[in-house]
Structure formats: C-alpha cells, structure tokens
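Peer 1: A single structure is presented below for examination.
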Amino acid sequence: MTNHSEAAGAPGTEQITLRNPSELAEALPYLLGFKPEDSIVLVALHRGRFGGRVRLGIPERPGDWPSVAEEMAKCLIDGCERKDGTPDGIVAFLCRDPKTTETGRQIRERLQPLAQMLRLACGRLDVPVVEALCISDDHFWSYSCPVEECCPPDGTPLAASGTSVTAAAMTYAGIQVRGPLKEMRARLTPWQTAAVPQQEHALDTAAMALVPRILAGVPRAEVADETLDLARRVWSRFGRLPTGDDMLETDLRDDEQLAHDEAARLILGLQDRLTRDHAAEWMEGDEAPLALRLWRALARRCVGPYGEHAAAPLTLAGWVAWSLGDRVEAGEALDMALAADPRYVFARLLMEACSADLDPEPVRRSLRKTRDERNVTPSEADSASASDGAEAGVAVGAGTGAGAGAAGAGAGARAGVDGEGAAGRNGAGSPGRPVPEGSREPAEDRVTRALEAALRRRGSRRAGAGKGPSRAGAHAPRRPQGRRRVGRQGTRRDG
C-alpha cells in the first residue's frame with residue numbers, strides 16, 4: 001500500500017479550490033503525482049483541505065474487498081490522526097480502465113460493492129466518505145449522487161489531459177504529474193529482449209570470475225573498490241550524454257553506454273553490503289541523478305535466474321529517489337526490490353521510513369560521516385583513536401570479566417545488525433584477516449542504524465515512550481554471512 005501524507009503542493013503555493021466531482025476527478029493525478037491505474041485511492045479532508053492519502057491496487061477477487069477496505073480506512077485515518085488529527089471526511093476514488101469488451105459503465109457497476117465497503121469501513125471509524133468516484137475510460141461516475149441530470153448513467157467525460165482549468169491551475173501552482181506507474185516500473189524491470197542471452201552469459205562469466213576470488217580470501221575492500229571505480233566510470237559516461245524529457249530515449253542511450261560485462265560485474269559486486277552502502281553515498285548533488293540512472297540500468301540487466309540480484313540496484317534506486325524527494329519512484333523501486341528478495345533488510349527499512357514520511361537527512365548524515373571517516377588520513381585516524389582512550393577499547397570488546405563480555409556482546413549487536421558484526425563480516429569477506437582496532441567495518445551499519453533509530457523515534461511518538469514501531473522494523477532471520485550461494489547465480493550477500 002502506498003501511503004502519501006505530504007500536501008499536494010509545496011508550502012507557499014497558492015490555494016486551489018475544487019468545487020465539484022468533475023474537478024475532483026481531474027485533480028486526482030496531481031494529488032498523487034501520477035495517473036493511477038487499477039487503484040483504490042482514499043484522500044483525507046481536513047477543514048476543506050486535502051490531507052493524507054493511500055493507494056492500493058484493486059484486488060481481482062471480490063472476496064478480498066472487505067479486508068482491503070478495512071485496512072485502507074484504518075491506515076489512512078490512523079496516519080492522519082498522528083499528523084493532522086482525525087479527518088473531517090474522505091474522498092474515495094476507484095480507477096480502472098476497460099481491458100476487453102467491458103465498458104466503463106459496466107466497470108462502474110461491478111465496483112459499486114467495493115465503494116460501499118469503503119463507505120462502511122470509514123464510517124465504522126467515525127469518518128464519513130463525502131464523495132466516491134469511479135474513473136474509467138476517460139469518464140467518471142459518482143456513487144454518491146443519484147441525480148441523472150448531473151451524473152448521467154453513461155458517465156461524465158473527463159477533460160483531455162492537461163487542458164482543464166483544474167490542470168492549468170495545478171500546473172501554475174507548480175504541481176507536476178507524471179505518466180502511469182507502469183511506465184515507471186518499466187524503467188526498473190529486467191529486459192525481455194533479444195539481448196537477454198548475452199547479458200545472462202556475461203553474468204555467468206562474472207560470477208565464475210568473482211566467486212573464486214572471494215573464496216580465496218581476496219580482501220573485501222579490494223572487490224568493493226573495483227566495483228565502485230567501475231560504477232563511477234559508467235555514470236560519468238551518462239553525464240556526457242544529451243538529456244531530454246523522453247524517459248525511454250534516455251534509458252536506451254544509457255543502455256548503449258553500459259556493456260554486458262560491465263553490468264554483470266557491477267550487479268555481482270553490489271551483492272556485497274559494504275559495496276552497496278558505499279554506493280549509497282551518491283545520493284545528493286550532481287552525482288545523485290547520474291547514479292539513479294545507473295541503478296535503473298542495472299536493475300534492467302538482472303535477467304533470467306539473476307532476478308533476485310535486482311534487490312541491490314532497486315534498493316539503491318529507491319534510496320536515491322527518496323533522497324531527491326521523489327517518493328513515488330522511491331516507493332515503486334523499493335516495492336520491486338522486496339518482490340525480488342522479501343528478506344532484503346535495507347529495502348524493508350527504507351520502505352518503512354519512506355511510507356512513514358520520515359526525513360531522509362539522518363540517513364544522508366550517516367553516509368556522509370562514513371565517507372568522511374573512510375577518507376581520513378592514517379595519522380588523523382590514530383589521533384582520533386588515541387583521544388578516545390579506554391572507551392574505544394570497550395567498544396571493540398576489549399577488557400575482561402563478565403562486564404566486558406556484556407559490553408562486547410552489546411557492541412557486536414549494535415555494529416552488526418542481522419548477526420553481521422565486524423568479525424563475522426570480516427571472516428566472511430576475508431577469511432583469516434584480523435579486525436584492527438578502529439576498523440572502518442562497523443561504519444557500514446550506520447545506514448541501517450540511522451533508519452532503525454528514526455523508526456523507533458516515530459514509534460515512540462505514536463505509541464508512547466518505550467514502545468517501538470510495532471516491531472515493523474524487526475529483521476527476519478538471515479543466513480550467516482559466511483554462507484554464500486555459489487553457482488550459476490553467483491555470490492550474494494543479504495541486504
């Protein structure tokens with residue numbers, strides 16, 4: 001379920017008044033930022049102003065409609081109560097275009113029970129549905145108005161896209177709308193072209209080259225540096241290409257600049273969490289849009305049996321989109337990442353944070369700190385370690401006795417979310433290598449810890465001090481870091 005709580009326009013934009021169902025129907029894509037398809041959308045009203053909104057695909061089975069209606073009503077109203085208070089009312093939209101010989105009017109009639117279920121679900125939470133609209137085949141129908149003079153049985157035509165007074169007012173206010181979600185998802189979906197066998201062969205070759213190196217104990221940082229250097233070279237090429245508004249043309253140009261073997265090496269390299277977290281540092285400034293194009297291109301190359309490997313580039317695409325303020329693409333990319341690998345922790349935490357309307361700045365701050373520490377000179381690092389004194393020793397488990405053991409265990413839990421502490425990760429990536437004091441390894445968990453901390457703070461505000469976000473951020477059990485999937489699909493490390 002996609003939950004949007006931000007206002008339709010940026011602060012300071014002039015107020016836009018919607019006076020009738022026709023203007024409501026025409027404003028829906030601007031409220032969401034995209035044209036919804038096969039969707040249930042609920043929008044909250046607060047003293048005549050739009051508030052939070054939730055969207056979910058319409059289930060094909062009518063038997064699922066009651067539970068979906070209850071969940072959507074509860075999700076919207078609970079979210080509004082936490083942020084703006086209980087809504088005064090709700091506007092419901094059912095959007096579905098005909099797929100066969102069915103007409104818009106027939107869709108309107110078939111979805112009428114769902115509209116009634118939404119009314120009842122919201123009513124049970126003491127918030128009325130003030131208007132319910134069906135949008136289909138460029139027409140709309142009101143489920144709330146029985147008068148044929150204003151709501152004819154064959155529906156009321158919508159104005160051509162971008163030509164209505166409502167569209168003009170929204171555009172003037174700076175509110176933009178993009179195409180359907182299917183176009184956005186197509187930019188992140190693996191290829192289904194004649195080039196698939198070549199890309200699959202390149203992935204097989206890269207896996208056979210990389211896996212023996214890792215098993216032989218090649219330092220993890222060496223593989224990370226190779227992957228990141230290649231990534232920089234590729235997105236630098238993207239930066240030299242002409243830019244335009246045509247997304248398909250941009251993607252095709254990017255694909256031409258990315259060789260099969262380069263894509264394979266990057267996809268395999270990003271399966272390592274250290275590499276992925278360093279790649280996530282390209283999240284602002286001039287680097288971010290170029291990195292986002294690279295992550296999209298890599299997601300399109302996760303073909304055949306390598307579909308699960310798409311979780312890493314999809315998560316990076318979602319993170320950069322969120323950091324750039326595009327919650328729509330962020331939600332779609334993270335949803336696709338979790339579809340590729342439901343146990344991918346970074347994607348799950350990012351999805352929670354994005355849906356909860358958290359500020360991405362704490363995560364950016366953690367990544368900046370990690371990058372700054374990694375770039376510090378050895379003398380500066382020695383000076384910082386010396387100033388920390390005995391406290392630094394306790395942090396890495398130095399000391400004796402039960403108290404020291406507890407401190408070491410606690411530090412291990414903090415430094416290694418999902419049972420991947422510095423020692424465990426080091427042993428997996430580089431067998432036999434000791435963990436030096438002041439190692440940079442624990443820094444890669446800062447992103448996860450920043451997300452978890454933000455979600456805990458949000459949970460405390462919702463449920464009172466001492467309570468977390470209903471364990472929503474808890475991690476599923478994971479494979480030990482030392483166990484890898486080796487073979488046709490190469491090497492993966494969980495998120």
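Peer 1: Any idea which of Arg296, Arg276, Arg265 is at pLDDT below 95, of a type in the set (Lys, Arg) and in a helix (DSSP H, G or I)?
Peer 2: Exactly one of Arg296, Arg276, Arg265 is at pLDDT below 95, of a type in the set (Lys, Arg) and in a helix (DSSP H, G or I), namely Arg276.
Peer 1: Do the conditions hold for Trp235, that is, is it over 20 Å from the mean Cα position of the chain (by Cα) and among the aromatic types (Phe, Trp, Tyr)?
Peer 2: Criteria met by Trp235.
Peer 1: Condition test on Val130, is it open to solvent by 20 Å² or more (accessible area, probe 1.4 Å) and of a type in the set (A, V, I, L, M)?
Peer 2: On the way: open to solvent by 20 Å² or more (accessible area, probe 1.4 Å): yes; of a type in the set (A, V, I, L, M): yes.
When the stated conditions are applied, Val130 passes them.
Peer 1: Here's a follow-up. Scanning the stretch 445-462 for residues that are open to solvent by 30 Å² or more (accessible area, probe 1.4 Å), modelled with pLDDT of 75 or more and touching a Gly at 6+ places or on another chain (Cβ under 8 Å), which turns out nearest to Thr370 (Cα to Cα)?
Peer 2: Out of the qualifying residues, it is Glu452.
Peer 1: Look at the stretch 198-232 and say how many of its residues are hydroxyl-bearing (Ser, Thr, Tyr) and under 29 Å from the mean Cα position of the chain (by Cα).
Peer 2: Matching residues across the stretch 198-232 total 1.
Peer 1: Restricting attention to the stretch 134-159, and to residues there that are among the hydroxyl-bearing types (Ser, Thr, Tyr) and part of a loop (DSSP other than H, G, I, E, B), which single residue is most open to solvent (accessible area, probe 1.4 Å)? Reasoning before the result, please.
Peer 2: Taking the stretch 134-159 and keeping what is among the hydroxyl-bearing types (Ser, Thr, Tyr), we get 136, 142-144, 156.
Of the ones still in play, those that are also part of a loop (DSSP other than H, G, I, E, B) are 143-144.
Values: Tyr143: 25, Ser144: 52 Å².
Checked the stretch 134-159; the qualifying residue most open to solvent (accessible area, probe 1.4 Å) is Ser144.
Peer 1: Can I ask one more? With respect to Glu81, determine if the residue is open to solvent by 10 Å² or more (accessible area, probe 1.4 Å), within 30 Å of Arg47 (Cβ to Cβ) and not in a loop (DSSP other than H, G, I, E, B). Reasoning before the result, please.
Peer 2: On the way: open to solvent by 10 Å² or more (accessible area, probe 1.4 Å): yes; within 30 Å of Arg47 (Cβ to Cβ): yes; not in a loop (DSSP other than H, G, I, E, B): yes.
Here the answer is yes, as Glu81 does meet what is asked.
Peer 1: Sticking with this one: May I ask you to list the residues in the stretch 188-217 that are open to solvent by 30 Å² or more (accessible area, probe 1.4 Å) and in a loop (DSSP other than H, G, I, E, B)?
Peer 2: Thr189, Pro190, Trp191, Gln192, Thr193, Ala194, Ala216
Peer 1: Continuing with the same structure: Would a scan of the stretch 38-60 turn up a residue that is at pLDDT below 85, open to solvent by 30 Å² or more (accessible area, probe 1.4 Å) and touching a Cys at 6+ places or on another chain (Cβ under 8 Å)?
Peer 2: Looking for residues that are at pLDDT below 85, open to solvent by 30 Å² or more (accessible area, probe 1.4 Å) and touching a Cys at 6+ places or on another chain (Cβ under 8 Å), one finds none in the stretch 38-60, hence no.
Peer 1: Moving on. Among the listed residues Ala73, Ala115, which satisfies the condition of being open to solvent by less than 70 Å² (accessible area, probe 1.4 Å) and either outside any helix (DSSP H, G or I) or in contact with a helix residue (DSSP H, G or I) (Cβ under 6 Å, 6 or more places away or on another chain) (or both)?
Peer 2: Step by step, each of Ala73, Ala115 is checked, and only Ala73 is open to solvent by less than 70 Å² (accessible area, probe 1.4 Å) and either outside any helix (DSSP H, G or I) or in contact with a helix residue (DSSP H, G or I) (Cβ under 6 Å, 6 or more places away or on another chain) (or both).
Peer 1: While we're looking at this one, here's another question. Residue under question is Ala297, and the condition is that it be touching a Leu at 6+ places or on another chain (Cβ under 6 Å) and over 23 Å from Lys369 (Cα atoms); does it hold?
Peer 2: Here the answer is yes, as Ala297 does meet what is asked.
The values are calculated or read from the model by the stated rules, or taken from the named source; none is laboratory data. Predicted model only: the values in this text are computed from it and were never measured. Note that each Cβ is placed from the backbone with ideal geometry, even for glycine, and that neighbours are counted across all protein chains shown. Heads up: the accessible areas ignore ligands, DNA and RNA and are worked out on the full protein's heavy atoms, side chains in. Shrake-Rupley method; radii C 1.70, N 1.55, O 1.52, S 1.80 Å.
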